[in-house]
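Before any comments, here is the structure.
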Amino acid sequence: MKVELRVGDKKLIEPDFKVFTHVSDDDLILIGLKDMPIENEEKIDEYINRGDYKIEMSNGVVGLTIDNCIYSFELSYFLRGFLQSRKNNIFS
């Protein structure tokens, strides 16, 4: 038996991912998808290139809405550490 989570009429997908910052711009946060089927990756790429998507964020959860799916990314743990490191001033 397979459980499918839905938000309204959209299927909720919680993919495996990692979060990175960019070497030359640490304000830039990158989400890297892991073990994503190539069909899903191509679908996401196609919709983003067309501009046919919506990104929302609430309480550290980023939702990427594409077609009839919402891809959910829980970033709160990463953001807490990231923002805390910004507050520390280290002097030597």
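Residue-level analysis places residue 11 outside the set of residues that are open to solvent by 90 Å² or more (accessible area, probe 1.4 Å), among the basic types (Lys, Arg) and either assigned to a loop (DSSP other than H, G, I, E, B) or at pLDDT 90 or above (or both).
Of everything in region 14-45 that's of a type in the set (Asp, Glu) and under 26 Å from residue 83 (Cβ atoms), which residue is most open to solvent (accessible area, probe 1.4 Å)?
Checked region 14-45; the qualifying residue most open to solvent (accessible area, probe 1.4 Å) is 14.
If you check 26, 35 for being in a loop (DSSP other than H, G, I, E, B) and without any contact (Cβ under 8 Å) to a residue 12 or more places away in the chain, only one passes: 26.
Residues checked against (1) closer than 18 Å to residue 11 by Cα; (2) assigned to a loop (DSSP other than H, G, I, E, B):
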| position | (1), (2) |
| --- | --- |
| 44 | yes, no |
| 52 | yes, yes |
| 71 | yes, no |
| 84 | no, no |
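Each row is one residue, and each column tells you yes or no for (1) exposed (fewer than 15 other Cβ atoms within 10 Å of the Cβ); (2) at pLDDT 90 or above.
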site	(1), (2)
47	no, yes
51	yes, yes
56	yes, yes
64	no, yes
70	no, yes
75	no, no
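The values are calculated or read from the model by the stated rules, or taken from the named source; none is laboratory data. All of these numbers come straight from a predicted model, not from anything done at the bench. All Cβ positions, glycine included, derive from the backbone under ideal geometry; neighbour counts span all protein chains shown. Ligands, DNA and RNA are stripped out before the accessible areas are found, and what is left, the full protein with its side chains, is counted by its heavy atoms. Shrake-Rupley method; radii C 1.70, N 1.55, O 1.52, S 1.80 Å.
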